[in-house]
Amino acid sequence: MSVSEPLLRVEDLRVEFPTEDGVVHAVDGITYQVHRGRTLGIVGESGSGKTVSSLTTLGLTRRQGARISGRILFDGKDLVTLPEDELRTIRGNEIAMIFQDPLSSLHPLYKVGRQLTEAVRAHRDVSKAQARERAVELLGLVGIPDPARRVDAYPHEFSGGQRQRAMIAMALANEPKLLIADEPTTALDVTVQAQILALMERLQRELEMAIVIITHDLGVVAEMADDIAVMYAGRIVETASAARLFAAPEHPYTWGLLKSIPRLDAPRDVDLVPIPGTPPSLISPPSGCHFHPRCPYVQPDHTRIDPALEPLADEPSHYAACLLESDVRKRLWGELGAGKTPEEALVEVGLPAPGAPA
Amino acid sequence: MIRYIIRRLLIGIVILVVVCALTFVFFRILPTGNPALLRAGRDPQKRLIKEIEGVLGLNKPLIVQFWDYMKEFFLHFNLGYSYYSQESVRSLIAERLPATLSLTVGAAALWVLGGLSVGIISALRRHSLVDRLSMGGALVLLSVPEFWLGFVFLLLFANDIGKFKILPGAGSYVGLTYDPWKWFTALIMPWIVLAAGSAAIYARLMRSSLGETMREDYIRTARAKGLRERAVIRQGVRAAVNPIITLFGLEVGVLLGGAVLVEAVFNIPGIGVENYKAIQSSDFPVVQGTVLLASSFIILANIVVDIAYAYLDPRVRYS
């Protein structure tokens, strides 16, 4: 297998849930790839489909009655069509996942050690004693002090950070090729967050894992990710290398995300700008560009035309799904960077404000 | 833990004394409350009533009678003597308890096994035909009075009055040590009848409890680990049984005090029937003894449930 072949390649993945109120288009045709040893950050608000897409990678949305189409190519196998029992041998073995809330993600009535050993024994034919040895080793690896004793503790006897470490230990039990981390630090204190991220980076180097990190926190992806995909309403609206995305973002939604986080390197009098409105319904999404009801730069035909995710002319690895011309977007971002409001920026580039007669 | 148990036992004894006092008072307030009157025959002379009252100790103040009773109970474990048969209440209970014990334990095993398995299947196949049939059946069993169900069983299967004479009918109970096989066959119908209603409750409880736990995050984790579905379900069941344990302990506690209706229908010489007869005939010492026994079982069951909880859920700690 050539070096450039991605470990995970998701192609036009769609996940729909039929409900009483209508069909929820949770993931609406997304494409991305992750290479060995690299980290992809998937960023978006709650309900943007980022968690559903990764649960689908593990086949965990199947039993929820999801309708799944597209392809998820992992190591040459299509996980969308793979039979359940084959998929099970991949879960927790070649692809592992950690979740947002480590307390509720650990079984409250089983010792941590048992929950680790069962992860080992699900995929390896080893004795209980060997599995236990491995559990102690894993707890030590993720930095739990006195692992030989702590292996017999219950999850409620661990601190929040230790629980997430235990979850990571569990995920690493079989040295997976891919680790999916769904909001791994959201439920933790800021200082513990940094420790957990550092731990994940260290283990990634040691084990040469690929990581998909799902978060709403741009700070986390800035620290961890090589590449970033921004999701909105079940779609990827922009994707680029992390450096490029932070330096020259091209989608108004990404601008909104960047402008709504505080920065230490900006003057103190720069106001934070929240994105107005709420995430759209995934049952009947807005017409045209799904972001148009919340976009400060919306133009009349944007309510009709649905933009495709297209590569930029000057940087083919940078994709954006926006109906504005690329050079207009660059100028708008420049004006915003100079401290202008969206309304002022529109005037500068010579576009009518939303709602103005065309 | 030990201190906790001792404290609970002491509180239990206090509750027993209160229960005793209440039974004492209630029995005297009732219009038919004077046992001497009942024993003296038709149109008794005042003198005879007084004499009987003297023999039974009923002429002493209530508080003294109560004190005497408590003293006998706690010092000699003596529960007094039946007003009618003069038999010691303690030996009367000892004689009746094995039947009630046999009935309750067998029925409990049956309803736990039956109810929980049906509940698990229903929870895992929610809205399937199996689920609908079992939940419908559970509703029927819940609504049916157990004495009626008992008669239906007798009319169907009893070897004397039944349509299909395959099982011993009413009044065929013998002690376990006397003839184990006869004991077993005689109890099959009573067990089923007594278990039916509870099994229905457990099935419904287990269905909703397991339905809830199977949606928990840790079940998702178990699946994400690549565990087999059977192992995943086992983790769900383990978490789902905890709330049901409480009910189980209390229910067994109550039934050990006597399952009156089922004992009566199948003519099983148990505590329930004895208690019922004693109430009818104002046989106060027997009533007092059986009530005391029943409340002891309930108090004990409560303590056992709480201790079991500490073992079943490591998050629970008593101090």
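Residues that are within 14 Å of chain B (Cβ to nearest Cβ) and of a type in the set (Asp, Glu) do occur in the range A:88-101, at least one of them.
Taken across the range A:84-106, residues that are in contact with a strand residue (DSSP E or B) (Cβ under 9 Å, 6 or more places away or on another chain), open to solvent by 70 Å² or more (accessible area, probe 1.4 Å) and either under 19 Å from residue A:147 (Cα atoms) or without any contact (Cβ under 8 Å) to a residue 60 or more places away in the chain (or both) do occur, with at least one present. Each residue in the range A:144-169 was checked for being in contact (Cβ under 8 Å) with a residue 60 or more places away in the chain and open to solvent by 10 Å² or more (accessible area, probe 1.4 Å), and 1 pass.
Whenever a residue of the range A:194-207 is touching a residue at least 40 places away in the same chain (Cβ under 8 Å), its partners that are surrounded by 14 or more Cβ atoms within 10 Å (Cβ to Cβ), lying with C-beta atoms within less than 6 angstrom and at least six residues away or across chains, give the pairs A:204/A:211. Is there a residue being within 14 Å of another protein chain (Cβ to nearest Cβ), in a helix (DSSP H, G or I), open to solvent by less than 20 Å² (accessible area, probe 1.4 Å) and of a type outside the set (Ser, Thr, Tyr) anywhere in the range B:293-312? Yes.
Just to be sure before I move on: is residue A:58 within 13 Å of chain B (Cβ to nearest Cβ), at negative phi and over 21 Å from the mean Cα position of the chain (by Cα) in the structure I sent?
Taking the combined requirement at face value, the residue does not satisfy it.
Being open to solvent by 10 Å² or more (accessible area, probe 1.4 Å), in contact (Cβ under 8 Å) with a residue 60 or more places away in the chain, farther than 25 Å from residue A:175 by Cα and in contact with a Phe, Trp or Tyr (Cβ under 8 Å, 6 or more places away or on another chain) holds for only one residue in A:237, A:230, and it is A:237.
Looking only at the range A:302-321, which residues are among the acidic types (Asp, Glu) and open to solvent by 60 Å² or more (accessible area, probe 1.4 Å)?
Within the range A:302-321, A:306, A:310, A:314 qualify.
Against the conditions (1) assigned to a helix (DSSP H, G or I); (2) closer than 16 Å to residue B:105 by Cβ; (3) of a type in the set (Gly, Ala, Ser), residue B:258 satisfies every one except (1). Looking across the range A:105-142, the residues that are at the interface with chain B (Cβ under 7 Å from one of its Cβ atoms) and either assigned to a helix (DSSP H, G or I) or within 29 Å of the chain's Cα centre (by Cα) (or both) come down to A:105, A:106, A:107, A:108, A:118, A:119, A:122, A:123. If you go through the range B:36-47 and pick out every residue that is free of Cβ contacts under 8 Å to residues at least 60 places away in the same chain, assigned to a helix (DSSP H, G or I) and under 23 Å from residue B:278 (Cβ atoms), you end up with 3. Taking the conditions (1) away from every other protein chain (no Cβ under 14 Å); (2) among the basic types (Lys, Arg); (3) surrounded by fewer than 21 Cβ atoms within 10 Å (Cβ to Cβ) in turn, residue B:215 satisfies each one other than (1).
Just to check your reading of the model, which residue among B:195, B:138 is under 19 Å from residue B:272 (Cβ atoms), open to solvent by less than 30 Å² (accessible area, probe 1.4 Å) and of a type in the set (A, V, I, L, M)?
Unique residue meeting the criteria: B:195.
Where in the range A:1-104 are there strands (runs of 3 or more DSSP E), lying wholly inside it, with at least 2 residues that are within 30 Å of residue A:154 (Cα to Cα)? The qualifying strands (runs of 3 or more DSSP E) are A:95-98. Here residue A:141 clears all of (1) under 26 Å from residue A:198 (Cα atoms); (2) open to solvent by less than 20 Å² (accessible area, probe 1.4 Å); (3) among the aliphatic types (A, V, I, L, M) except the condition numbered (2). Screening the range A:143-259 for helices (runs of 4 or more DSSP H) wholly inside it with 3 or more residues that are within 14 Å of chain B (Cβ to nearest Cβ), closer than 27 Å to residue A:316 by Cβ and of a type outside the set (Lys, Arg) returns no ranges. Annotation note: of B:268, B:219, B:233, the sole residue that is modelled with pLDDT of 90 or more, over 14 Å from the mean Cα position of the chain (by Cα) and not in a helix (DSSP H, G or I) is B:268.
In this structure, residue B:252 qualifies as within 30 Å of residue B:135 (Cα to Cα), in a helix (DSSP H, G or I) and modelled with pLDDT under 95. Just one of the listed residues (B:280, B:288, B:235) is within 14 Å of chain A (Cβ to nearest Cβ) and either open to solvent by less than 30 Å² (accessible area, probe 1.4 Å) or not β-branched (Val, Ile, Thr) (or both), and it is B:235.
Checked against (1) free of Cβ contacts under 8 Å to residues at least 40 places away in the same chain; (2) of a type in the set (Ser, Thr, Tyr); (3) surrounded by 14 or more Cβ atoms within 10 Å (Cβ to Cβ), residue B:91 passes all but a single condition, namely (3). For residue B:210, the criteria (1) more than 10 Å from chain A (Cβ to nearest Cβ); (2) in contact with a Phe, Trp or Tyr (Cβ under 8 Å, 6 or more places away or on another chain) hold in every case but one, which is (2).
Listed here are the residues, each with its yes/no results for (1) open to solvent by 10 Å² or more (accessible area, probe 1.4 Å); (2) over 20 Å from residue B:308 (Cα atoms); (3) within 14 Å of chain A (Cβ to nearest Cβ).
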residue: B:180; (1), (2), (3): yes, yes, no
residue: B:220; (1), (2), (3): yes, yes, yes
residue: B:243; (1), (2), (3): yes, no, yes
residue: B:251; (1), (2), (3): yes, no, no
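Restricted to the range B:141-164, and to residues there that are part of a helix (DSSP H, G or I) and open to solvent by 80 Å² or more (accessible area, probe 1.4 Å), the residue that is farthest from residue B:107 (Cα to Cα) is B:155.
Being among the β-branched types (Val, Ile, Thr), out of contact with any strand residue (DSSP E or B) (no Cβ under 7 Å at 6 or more places or on another chain) and more than 14 Å from chain A (Cβ to nearest Cβ) is the requirement here; does residue B:174 meet it?
yes
When only residues in the range A:328-346 that are open to solvent by 50 Å² or more (accessible area, probe 1.4 Å), at pLDDT below 90 and not in a loop (DSSP other than H, G, I, E, B) count, which is farthest from residue A:252 (Cα to Cα)? Only one residue fits best here, namely A:344.
The values are calculated or read from the model by the stated rules, or taken from the named source; none is laboratory data. Here the structure is a predicted model, which is why all the values come from computation and not from measurement. Cβ coordinates were reconstructed from backbone atoms using ideal geometry, including for glycine residues, and neighbour counts include every protein chain displayed. Ligands, DNA and RNA are excluded from the accessible area calculation, which covers all protein heavy atoms including side chains. Shrake-Rupley method; radii C 1.70, N 1.55, O 1.52, S 1.80 Å.
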